[in-house]
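One structure is given below, encoded as structure tokens.
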């Protein structure tokens, strides 16, 4: 694949890994914020190329994982209503609510559909004027432009049977919450490249300055990740705390201003509960007052639905980076991808699922150690 | 309500552009369907007798210790037609390949159709024609069949079930010899073509190079492989669940570990690109014209040479090996030199959100 293969080149990866080993003198804990990065790190075995001093902590960047339980319960309540076509990205279907998930509601007769774009949900609303089409709008700044555009279009077209259950979350407030949390171990952040492609990098210098923490905007391919880690370690070793852009082929300082204008109009900031973490002030978006008519929470009056998390699940500590997935007592026992207690075990981007699927049962580098007896690591 | 099941009408088939309930009623309309749609597509002396069952004389085939293999599969694919094939092709190739994985040469197929009321007769005839063509190309006869019609809304156009019997040549014992460390894992060609052909039609994706299904009968290829190396230990066709499922099944069955090399896995650029866009893993995507072979390590070169001489094995390549360590686990060495476990897929692949 042109334009991808060159970012997966083994020789360059080994050169970057050697360079990271060369500059590392002390232990560092680096958090990659984005679930897509976690997935790529585990999938490609990027962490196995790093020196033992460099620890990657998988942050709260999987939108499926941090969507609060009560949002799932509200989604399930709406999807089960007669006449509703409930649209969602595929990942959300298996996320457990308090009692069941969207797959179960679908099997029981609800019309639940997987879409690749919120605009597909708008098309469905056109095609089925007698039905209520609801889109579950979750995600970080990356998915926000398309979601905002879908609502804006629905309003322009006067669609009365389209609404959105919005649970958007934002990266900078999460970074701030992690840095302020007691027992924080994070020394530096790999900022999520695709969030920054929308938002730019201008939000980060104040954070880097206030918490004296390096923030390196990083992409998703193995070489992107290694280069982001390398730049982060260089800063840490030199005692610097700057914002760097290691994903300049996609990310600019100002970001996508057209997209920012659209969701600036459609969304408004709101205090948002993060699954496993709790409420973070101004850490999410809801529909702005001008778009209240499209708010599924109001239309279906599900604002009163509340829920309590499983007492066994410690996904909050995993998301804050104070617990590795395989250190959780329920990991691989009560909690597996087939019987997930928390969303970090559900989504393919969730840290617990990534550890489970890719065989990280006993310590962060067990996967590498178990298979390297006669195939030496490069 | 009019009871159409007892309704009989002498009108010829062309007066009905769509399948009606009466086409499944066993009367004149059913007969019409058989005579105008199925017989022209499948015709052979055994089928043409239209008996309640067909009697096969396999004495010559089974002489000297040959054995019978039997398999059945149902086909519910949507869309019914896709680049590279149709439900009719799949219904033949799928069952032929299931037989071929036992080393069997297919001898006869049955065909059962469950058709939704209102389905286009023209489309049904086209599916039957393609199915007949696929059977003829694979050298296998459809010797008996069945048709049912279900009410509108109770089916998805048409479902097809085929069952097949095949002849396993004397002395052949695929799957009897245990798999062991040092065995080679061979793939017969590019992986993920069928599943991504279907997905790209469903999702309306267009690529510079169209992705076509790989649907094909594999018994000819298998015969060449077995001629080159009778010691082949195991064959699997990685259909639903893809290579990830088949390799996990093989590892569990043999109580062995399997290691594959990401760089050796053949995936077409367009398939790899479609998987990237849709967030899917090509190892979990279905194939309909590919096989995986576990062969003794010292015979791998001979098997590969035989495969590459056959049209359905041109791109055959060794993708990994069987190991004694980490039993029942499939591990991939990634392109950048890391390792990861290839898990047994859970169920339906869910597209990732971002």
| residue B:81 to residue A:308: FRET efficiency via 1/(1 + (r/R0)^6), r the Cβ-Cβ distance, R0 51 Å, to the nearest 0.05? | 0.50
| Over the alpha carbons of region A:315-358, what is the largest minus smallest coordinate on each principal axis, giving the biggest first in Å? | 25, 20, 17
| field | For A:136-149, mean number of other protein chain Cβ atoms within 10 Å | value | 1
| request: If a/c stays under 1.5 just call it rounded; otherwise compare a/b with b/c (prolate if a/b is bigger, oblate if not). Do that for chain B, with a ≥ b ≥ c from the square roots of the Cα gyration tensor eigenvalues. | output: oblate
| task | Treat the count of other C-beta atoms within 10 Å as a stand-in for reagent exposure and order A:135, A:140, A:211 from fewest to most. | result | A:211, A:140, A:135
| task | Quick one: angle between helix B:242-254 and the longest Cα principal axis of chain B, in degrees between 0 and 90, rounded to 10, please. | result | 70
| query | So if we plug the beta-carbon distance of residue B:55 and residue B:28 into 1/(1 + (r/R0)^6) with R0 = 35 Å, what FRET efficiency do we get, rounded to 0.05? | reply | 0.85
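In terms of the Cα gyration tensor, with a ≥ b ≥ c the square roots of its eigenvalues, is region B:149-235 rounded because a/c is under 1.5, prolate because a/b exceeds b/c, or oblate?
On the way: a/c = 2.89, a/b = 1.58, b/c = 1.83.
It comes out oblate by the Cα gyration axes.
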| message | Using helices alone, I'd like the mean residue ellipticity at 222 nm for the protein assembly as shown: each DSSP H run of four-plus residues gives -39500 (n - 2.57), total over residue count, nearest 500. | response | -9500 deg cm²/dmol
| query | Considering only DSSP beta bridges with both partners in chain A, what is the antiparallel share in %, to the nearest 5? | reply | 20
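With the contact rule set at Cα under 8 Å and sequence spacing of 6 or more, what percent relative contact order holds for region B:4-168?
Values: 297 pairs, mean separation 57.5, N = 165.
The normalised contact order for region B:4-168 reaches 35 percent.
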| field | Crossing angle, helix B:87-100 versus chain B [Cα axis fit, 0-90 degrees, rounded to tens] | value | 50
| field | Relative contact order (percent, whole number), chain B, Cα cutoff 8 Å, 6+ residue spacing | value | 20
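Order the peptides B:189-200, B:265-276 from the highest to the lowest mean number of other Cβ atoms within 10 Å of their residues. The partial results should precede the final answer.
Details: B:189-200: 25.5, B:265-276: 19.7.
In descending order of packing, they fall as B:189-200, B:265-276.
Go ahead and run the numbers for FRET between residue A:53 and residue A:238, Cβ-Cβ distance against an R0 of 22 Å, rounding to 0.05.
Details: r = 15 Å, r/R0 = 0.70.
So, using R0 = 22 Å, E works out to roughly 0.90.
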| Label-point separation in nm, residue B:302 to residue A:107, each point 7 Å along Cα→Cβ | 4.9
| field | Distance between modelled label sites at residue B:209 and residue A:99, nm, 7 Å Cα→Cβ extension | value | 5.2
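Would the protein assembly as shown count as rounded, prolate or oblate if I go by the C-alpha gyration tensor, calling it rounded below 1.5 in a/c and otherwise prolate when a/b exceeds b/c, oblate otherwise? Numbers along the way, then the final one.
Values: a/c = 2.48, a/b = 1.38, b/c = 1.79.
Since a/c reaches 1.5 but b/c is at least a/b, the shape of the protein assembly as shown is classed as oblate.
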| message | If you take each beta carbon of peptide B:320-332 and count the beta carbons of other chains within 10 angstrom, what is the mean? | response | 2
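Please compute the average number of Cβ atoms from other chains found within 10 Å of each residue's Cβ in peptide A:33-45. Show your work: numbers first, answer last.
Working: counts 0, 1, 3, 4, 0, 0, 2, 0, 1, 3, 6, 8, 10.
Partner-chain Cβ atoms within 10 Å, mean over residues of A:33-45: 3.
Give me the percent of DSSP beta bridges within the protein assembly as shown that run antiparallel, rounded to the nearest 5.
Details: 50 of 95 bridges.
Bridges in the protein assembly as shown are about 55 percent antiparallel.
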| Nearest 10 degrees, 0 to 90: what angle lies between the long axis of helix A:144-156 and the longest principal axis of chain A (Cα atoms)? | 20
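Neighbour counts of other C-beta atoms within 10 Å: give me B:68, A:124 arranged from fewest to most.
Working: B:68 15, A:124 19.
Ranked by crowding around the Cβ, least crowded first: B:68, A:124.
How would you rank B:97-103, A:147-153, B:170-176, highest first, on the average number of other Cβ atoms within 10 Å across their residues? Don't jump to the answer; show the numbers that get you there.
On the way: B:97-103: 24.4, A:147-153: 22.9, B:170-176: 13.1.
Sorting B:97-103, A:147-153, B:170-176 by mean packing, highest first, produces B:97-103, A:147-153, B:170-176.
Over chain A, what is the relative contact order in whole percent, taking alpha-carbon pairs under 8 Å and six or more residues apart?
22
Where a number appears in this text, it was derived from the coordinates with a stated rule and is not lab data. Given the structure is predicted, the values throughout are model-derived calculations rather than measurements. Neighbour counts run over all protein chains shown; Cβ positions are idealised from the backbone, glycine included.
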